[in-house]
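Following: one structure in structure tokens, then a few remarks.
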Amino acid sequence: MSGEAALLLVLDLIGTFAFGLNGALTAVRAARLDIVGVVTLGMITAMGGGIIRDILLDDLPPATFRDWRYLTAAAAGALIVFAFARPLVRVVGLIELLDAVGLSVFAVSGASKAMGFGIGPAQAVILGVVTAVGGGTLRDALVGRVPTVMRKGLYAIPAFVGAALAVISILIGFKGLTASFVAAAACFLIRVLGLRFSLNAPKPRKVPDPEDPPGED
Amino acid sequence: MSGEAALLLVLDLIGTFAFGLNGALTAVRAARLDIVGVVTLGMITAMGGGIIRDILLDDLPPATFRDWRYLTAAAAGALIVFAFARPLVRVVGLIELLDAVGLSVFAVSGASKAMGFGIGPAQAVILGVVTAVGGGTLRDALVGRVPTVMRKGLYAIPAFVGAALAVISILIGFKGLTASFVAAAACFLIRVLGLRFSLNAPKPRKVPDPEDPPGED
Amino acid sequence: MSGEAALLLVLDLIGTFAFGLNGALTAVRAARLDIVGVVTLGMITAMGGGIIRDILLDDLPPATFRDWRYLTAAAAGALIVFAFARPLVRVVGLIELLDAVGLSVFAVSGASKAMGFGIGPAQAVILGVVTAVGGGTLRDALVGRVPTVMRKGLYAIPAFVGAALAVISILIGFKGLTASFVAAAACFLIRVLGLRFSLNAPKPRKVPDPEDPPGED
């Protein structure tokens, strides 16, 4: 394995670990789960996005599922939360930074992988975003809340920027590690600024829902 | 492309656009989403059913995902909702008619495609229904409400009739555009009558849930 | 078909029927569904786990979906619930026993099938558990409640034990029907003991959720 590939693998595993940690922590805080639920949701958060991407690319069994290192990193993150949820809440800022690393790496590596499968550039950008945010979306749907990524904060938008930059750099022939780092850094920066200044994506104007009043369901 | 194929493509794209529109509108009314959520849910509503069908048929990457025209139609519907949600609420009757076109086209085209993959007739009917209602089901699950299709109105039943007629016509050798139109028209008619007269599918008798009282979860 | 294969098929179909029955019954009790919802959720409970397994193994179209006998067993279970939900509630103990049979057969057959696809042992155990609990998880997510398997009772843990025993027996060369029965019996026993003595998996300590108070979503 080249030095570049090794570096990308290490970053990918750090991202997987951080997603497992953050996903399990979010799950623990949002719902009363047992150890099965905490581990399941941590692993789904960490690996769900990559699995959806690989299903849509027809690269089955999914890469993160085949490779025991991803399984281990995801499960380790989730189990640490099960054992140390309370102290971890105190370092939630650090965990959000690690999570931003994961978001950036996943958006760029997901989009780059999709380009390698000969899919169109728009589809590759979408798959980059799906890799980055798909796991957290599945997690939120499973604990019965509207996915955070769909209603507050900047999460999908930095992933979109990172994935789009990765695809553009491949299209113009500016490949390699430097291009990936520029794309990932842009994603990371927007994500961290969004956290720091509590930025949100624009919302539509409020629309009444006469057919399905909130009390009915 | 033959005239028949072009016509089917146009109807399919109209259906995709209408599903994107209606899906995003339902999502906006049911939950407080930002632009990411509105676009995501509009696109999932429009393309989710076809994607599930293509995963189960092993036709990957999914057809609607590969073809930029479907992506564009779905995204356009969702973005229009983001910009014009309030005025669109006033023409909700028109949108429901367009949505009924989508339902009919998807049920028939989904079932016909499945038959072309050499799957059994019962499975082809199921995949026709899945194509038609799968996207809306995913949307409702993501905004945290029990899918409408499972609890009120006539939505899956007209899709079932349309898909079954399409499969029967293929089995008896009555192929071609006319057969597809008869099947789609039957679906459309039942759907519109259901809307007009507020028909519902039969419900089971109420059963108590002593183990999981509503207040617990 | 050999006697062994026929026996395994019969057990698999009993499990599918029981999952359709129990899945539909749980769905009826948790949400107000019409016949479309009851049948859909019964079939998803019965076949969802096997379908997820086959997607991840790239064995598409999924085995249970291709084979009309599984479709029939699942639909029969769901339709019986639609017609006889009230009297069935009285024999819920018997249904839970049948469901435990399904859990045991699915965990062992899912893990064994995965080993036959040349996937790693840890992945095979995971796929055994997914086969056993995946359908019920989808069902709960669709009716908007946090999956039971993630928060109470012993359900995934007996499946894990059964799947792990099946994988170990294949790894040490102790194959065949006897090995499968030992693994399934261990799963069944733990599940039934868990039901009898209301055992739960360990939970993490309670963690406050200051960012997302329960009233906000």
Worksheet item: For the range B:44-57, which residues satisfy the criterion of being under 12 Å from the mean Cα position of the chain (by Cα) and among the hydrophobic types (A, V, I, L, M, F, W, C)?
Response: B:Ile44, B:Ala46, B:Met47, B:Ile51, B:Ile52
Fill in: Selection status of B:Gly194, surrounded by fewer than 23 Cβ atoms within 10 Å (Cβ to Cβ), within 26 Å of C:Val143 (Cα to Cα) and more than 9 Å from chain C (Cβ to nearest Cβ)
yes
Discussion item. Which count do you get for residues in the range B:153-167 that are open to solvent by 30 Å² or more (accessible area, probe 1.4 Å) and either hydroxyl-bearing (Ser, Thr, Tyr) or more than 15 Å from B:Ala185 (Cα to Cα) (or both)?
Written reply: 1
Discussion item. Name the single residue that is farthest from C:Phe82 (Cα to Cα) among those in the range B:138-190 being among the charged types (D, E, K, R) and over 12 Å from the mean Cα position of the chain (by Cα).
Written reply: B:Lys175
Discussion item. Looking at the range C:128-152 only, could you name the residues that are more than 9 Å from chain A (Cβ to nearest Cβ), open to solvent by less than 20 Å² (accessible area, probe 1.4 Å) and not polar (S, T, N, Q)?
Written reply: C:Gly128, C:Ala132, C:Gly134, C:Gly135, C:Gly136, C:Val143
Worksheet item: Any chance the range C:107-114 includes a residue that's at the interface with chain A (Cβ under 10 Å from one of its Cβ atoms), in a helix (DSSP H, G or I) and either touching a residue at least 40 places away in the same chain (Cβ under 8 Å) or of a type in the set (A, V, I, L, M, F, W, C) (or both)?
Response: yes
Fill in: Unmet criterion (only one of (1) under 22 Å from B:Leu142 (Cβ atoms); (2) assigned to a helix (DSSP H, G or I); (3) open to solvent by 10 Å² or more (accessible area, probe 1.4 Å)) for B:Ile95
(3)
Worksheet item: Could you list, in sequence order, the residues of the range A:76-86 that are more than 16 Å from the chain's Cα centre (by Cα), open to solvent by less than 20 Å² (accessible area, probe 1.4 Å) and within 23 Å of A:Leu11 (Cβ to Cβ)?
Response: A:Val81
Practice prompt. Working only within the range A:197-217, note down all residues that are open to solvent by 80 Å² or more (accessible area, probe 1.4 Å) and modelled with pLDDT of 80 or more.
Written response: A:Phe197, A:Ser198, A:Asn200, A:Lys203
Fill in: Hits in the range A:168-191 - residues which are surrounded by fewer than 15 Cβ atoms within 10 Å (Cβ to Cβ), in contact (Cβ under 8 Å) with a residue 12 or more places away in the chain and in a helix (DSSP H, G or I)
A:Leu171, A:Leu177, A:Ala185
Worksheet item: Among the residues of the range A:91-102, which ones are within 11 Å of A:Leu11 (Cα to Cα) and at pLDDT 90 or above?
Response: A:Val101, A:Gly102
Response to the item:
Counted residues in the range A:31-53 being within 9 Å of another protein chain (Cβ to nearest Cβ) and under 14 Å from C:Leu57 (Cα atoms) come to 1
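The values are calculated or read from the model by the stated rules, or taken from the named source; none is laboratory data. Just so it is clear, the model here is predicted, and its values are computed rather than measured. Glycine gets a Cβ as well: all are built from the backbone with ideal geometry, and neighbour counts include every protein chain shown. We work out accessible area using only protein heavy atoms, side chains counted, and drop any ligands, DNA or RNA first. Shrake-Rupley method; radii C 1.70, N 1.55, O 1.52, S 1.80 Å.
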